[in-house]
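Visitor: Below are the structure tokens for one structure; questions will follow.
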Amino acid sequence: MKSEEAIKEEVIEKIKTIFDPELPVNIWELGLIYEVNVVPINNVQVIMTLTAPSCPAAQSLPHEVDQKIREIEGINDVFVEITWSPAWTKDLMSEVARLELGFM
């Protein structure tokens, strides 16, 4: 049986395969994922945000996160929550994302 830490690492790797439809950067590097929690028994909770409340991907991105995580063997259930606090800013992007988008 996988440890919660191993599951969390797998979840993050799956999240890194999801790209913002308007930017050539994955949502992990963009800083859209605030928390990934694995709770008994193999339930995953993701707290995420979007670049703006009017984001065109507001419906599709959370659904894609949910579906990708469910592909991981052994996952029991997935809960994706959208939050607007704190608001997303470019400061949340990783160095990789800032380089990719020309902010450095």
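Where a number appears in this text, it was derived from the coordinates with a stated rule and is not lab data. Small disclaimer: the values here were computed from a predicted structure and weren't measured. Cβ coordinates were reconstructed from backbone atoms using ideal geometry, including for glycine residues, and neighbour counts include every protein chain displayed.
Visitor: What is the gain in length, in nm to one decimal, between Asp66 and Leu99 on full extension, counting 0.36 nm per residue of separation less the C-alpha to C-alpha distance? Before the final figure, lay out each step's value.
Guide: Details: separation 33, 0.36 × 33 = 11.88 nm, distance 2.78 nm.
Taking 0.36 nm per residue and subtracting the Cα distance, the gain is 9.1 nm.
Visitor: How many angstrom lie between the C-alpha centres of segment 1-20 and segment 44-82?
Guide: 12 Å
Visitor: For a protection proxy built on the mean count of beta-carbon atoms within 10 angstrom, sort 81-91, 57-67 highest first, please. Numbers along the way, then the final one.
Guide: Values: 81-91: 11.3, 57-67: 15.5.
For the peptides 81-91, 57-67, the packing ranking is 57-67, 81-91.
Visitor: Jot down the radius of gyration and Dmax of the chain, Cα atoms only, both in angstrom.
Guide: When restricted to Cα atoms, the chain yields Rg and Dmax of 13.6, 42 Å.
Visitor: Can you tell me which of 71-80, 47-56, 28-37 comes out highest on packing, and rank the rest after it, using the mean Cβ neighbours within 10 Å?
Guide: Working: 71-80: 13.7, 47-56: 16.0, 28-37: 19.3.
Descending mean neighbour count gives 28-37, 47-56, 71-80.
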